[in-house]
Amino acid sequence: MVGAGFSGAVLGRELANAGHRVTVIDTRNHVAGNCHTERDPDTGVMVHVYGPHIFHTDDTAVWEYVQGFGAFEPYRNRVKATARGQVFSLPINLHTINQFYGKTMNPEEARAFIEAQADTSITNPQTFEEQALRFVGPDLYETFFKGYTQKQWGCSPTELPASILKRLPVRFNYDDNYFKHVHQGMPRDGYTTLVERMLDHPAIELRLNTEFTPELGAGYDHVFWSGPLDGYFGYRLGRLGYRTLDFERVIGDGDLQGCAVMNYGDADVAYTRTTEHKHFSPWEEHEASVLYRESARACTPDDIPYYPIRLVEEKALLGEYVSLAESTQGVTFVGRLGTYRYLDMDVTIREALDTAEAFKTALAAGERPAVFARPPLG
């Protein structure tokens, strides 16, 4: 298993349970990948080192699976947004609409009002901007989405596909829970402890601070690769595009912003959001606090990749790497980096569980295991 994040940990555990001997390696000095959590040395707050991760899913089997490795506490992600000198509630809901327009509309009045703001001439939105204008009209788009999106993706919303905005709901009630999934929570002891427990099996050997080499891989029956797809091939066709994140740390006493996540929609604010991590563990008490200002930029070879860009140029290169991968023996590409897709944690775990089952089935039938857990271009 190349990578000790959720993909490698779940696959490793499932195959170890099935009687295989498994080695999990990672170049970092910790497990859990970008979900890694640790105690801040100055405040004692449980910090999400690579940015916050909230577990949310409608997949009851996955929810029950992760709880087998540690207790989860209830958590609701209630995001705020600072824009045009005010603080609003996200996702856009009835309170946001009434506050923004200085009205007291009920749900049906607000629905009709927003539809009147929308550009109904756009019948088949192709870009992020067209989708937003058709969805909420120019005022809400420019306040909450345009500047934030430019900072997050480093390009105009006219260059991004409409599908990105389909993840962002508008509600005509006062529900400010960012996610709508039936199961939502946080691991009480942090994600790293959760993954450590997944890897705690006599048939699993964990090697941190370890680089993968072809020579290392040759010593095993099969390799599961959750690193960058292009990285497996030494970037021989070029590098796939990613966005990365920079974090500016601020510590202080008490409560620094009053919520876990504050988005900044104005384009002239350099960062996209601030996250105060004590609020991700509301069952704990801390006198001090730690906050991070988060900024996105283009990923360089020395950076940690976060979000696959997947625009036209990247998809063309991805197609070439997929063809190369499909001609390769003895490896299965999994996870966010291995399949060059944006994946939430629950989907990552579901795909790892399904991949383990498919691998066992293929071995039993004497067939070649699948190269991809899920086709990147599917």
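Listed by Cβ neighbour count within 10 Å, with the fewest neighbours leading, LEU324, LEU377 appear as LEU377, LEU324.
Counting only DSSP beta bridges with both residues in the chain, tell me the antiparallel percent, nearest 5.
Close to 75 percent.
With the charge dipole of the chain set up from +1 on Lys and Arg Cβ and -1 on Asp and Glu Cβ about the Cα centre, the Cα lying farthest toward the positive end among the listed residues GLY185, PHE233, LEU318 is that of LEU318. Around the amide H of THR332, modelled in the peptide plane, lie the amide H atoms of VAL223, PHE224, TRP225, all under 5 Å away and 5 or more residues distant in sequence or on another chain.
Taking the Cα centre of the chain as reference, the dipole from Cβ charges on Lys and Arg (+1) and Asp and Glu (-1) amounts to some 500 debye.
Please work out the Kirkwood hydrodynamic radius for the stretch 219-321, using every pair of different C-alpha atoms, and report it in angstroms with one decimal place. Write down the numbers at each step before the final one.
On the way: mean 1/r = 0.0598 Å⁻¹.
The Cα-based Kirkwood calculation yields 16.7 Å.
Could you tell me the center-to-center distance, by alpha carbons, between the stretch 260-282 and the stretch 186-226 in angstrom? Measuring centre to centre over Cα atoms gives 32 Å. Centre-to-centre separation between the Cα atoms of the stretch 63-140 and those of the stretch 1-39: 36 Å. Projecting the Cα atoms of VAL62, THR210, LEU165 onto the dipole axis of the chain, where Lys and Arg carry +1 and Asp and Glu carry -1 at the beta carbon, places LEU165 farthest toward the positive end.
Computed about the Cα centre, the dipole magnitude for the stretch 211-362 is approximately 520 debye when only Lys and Arg (+1) and Asp and Glu (-1) carry charge, each at its Cβ.
Given an 8 Å cut-off on Cα distances and at least 6 residues of separation, report the relative contact order of the chain as a percent. Don't skip to the answer; put the middle values down first.
Details: 703 pairs, mean separation 91.6, N = 378.
Over the chain, the number comes to 24 percent.
Count Lys and Arg as plus one, Asp and Glu as minus one, and take only other residues whose Cβ is under 11 Å from that of THR82; the net charge is then +2.
Could you give the angle, 0 to 90 degrees to the nearest 10, between helix 312-326's Cα long axis and the longest principal axis of the Cα atoms of the chain? Roughly 20 degrees between the two axes. Over all distinct Cα-Cα pairs of the chain, the Kirkwood formula returns a hydrodynamic radius of 22.4 Å. Taking the Cα centre of the stretch 135-180 as origin and assigning +1 to Lys and Arg Cβ atoms and -1 to Asp and Glu Cβ atoms, the resulting dipole is close to 180 debye. A cut-off of 5 Å between modelled amide H atoms, ignoring neighbours fewer than 5 places along the same chain, links THR127 with ALA162.
Bear in mind that the values in this text are calculations on the coordinates, not laboratory data. Being a predicted model, the structure only gives us computed values, none of them experimental. Positions of Cβ are generated from backbone atoms using ideal geometry, with glycine treated the same way; all protein chains shown enter the neighbour counts.
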